[in-house]
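The values are calculated or read from the model by the stated rules, or taken from the named source; none is laboratory data. Keep in mind that this is a model prediction, so the values were computed, not measured. Counting neighbours? That spans all protein chains shown, and the Cβs are built from the backbone with ideal geometry, glycine included. Remember, those area values only see protein heavy atoms, side chains included, never the ligands or the DNA or RNA. Shrake-Rupley method; radii C 1.70, N 1.55, O 1.52, S 1.80 Å.
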Amino acid sequence: MPDEVKPNLNEAPTHDAQLAAESIASGDEKAPNVDFDADYATAQQFSVSDVDRTSEGAAAAEAATAPKYQVSKPQETKTQAQSTGNPDDYLELAKEVGNSKTEGVTNVSDELVKQALEKGQPKK
């Protein structure tokens, strides 16, 4: 169903749009009719190219979206914790986790910081 365009002079974003709105308002030009449903249907036809409707287009799309590297499929493993009910087991686990926060920590000296700052400077 076509809709009639009613221009508003106050909403014209450009000088050309304002002139067009004035000429339509004065009756010099006829207001355009817009059929949104027909325009949408036509746009849908253009949204997919003719090549994409063929098997050649499907093969090209598959090749374009295929992964570049071989990806291994993850294997599902099930792990079930054995409940012992022994509090000493939990205490030992807590000690292991608590000690892990100190792993990989090194001492940073002033000399090491100075060397890092020197290496970070642009070369002259």
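Within region 56-79, being in a helix (DSSP H, G or I) and open to solvent by 100 Å² or more (accessible area, probe 1.4 Å) holds for Glu56, Glu62, Thr65.
Any residue that is in contact with a strand residue (DSSP E or B) (Cβ under 8 Å, 6 or more places away or on another chain), at pLDDT 80 or above and farther than 30 Å from Ala61 by Cβ - is there at least one of those in region 4-11? No; the residues of region 4-11 include none that is in contact with a strand residue (DSSP E or B) (Cβ under 8 Å, 6 or more places away or on another chain), at pLDDT 80 or above and farther than 30 Å from Ala61 by Cβ.
Residue-wise test of (1) modelled with pLDDT of 80 or more; (2) small (Gly, Ala, Ser).
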{"site": "Gln45", "(1), (2)": "yes, no"}
{"site": "Glu56", "(1), (2)": "yes, no"}
{"site": "Ser83", "(1), (2)": "no, yes"}
{"site": "Glu103", "(1), (2)": "no, no"}
{"site": "Thr106", "(1), (2)": "no, no"}
{"site": "Glu111", "(1), (2)": "yes, no"}
{"site": "Lys114", "(1), (2)": "yes, no"}
{"site": "Gln121", "(1), (2)": "no, no"}
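The residue pairs whose first member lies in region 61-81 and is closer than 30 Å to Ser49 by Cβ, whose second member is in a loop (DSSP other than H, G, I, E, B) and not polar (S, T, N, Q), and whose beta carbons are closer than 8 Å, counting only pairs six or more residues apart or on different chains, do not exist in this structure.
Summed over region 12-41, residues that are of a type outside the set (D, E, K, R), open to solvent by 100 Å² or more (accessible area, probe 1.4 Å) and at pLDDT 85 or above total 2.
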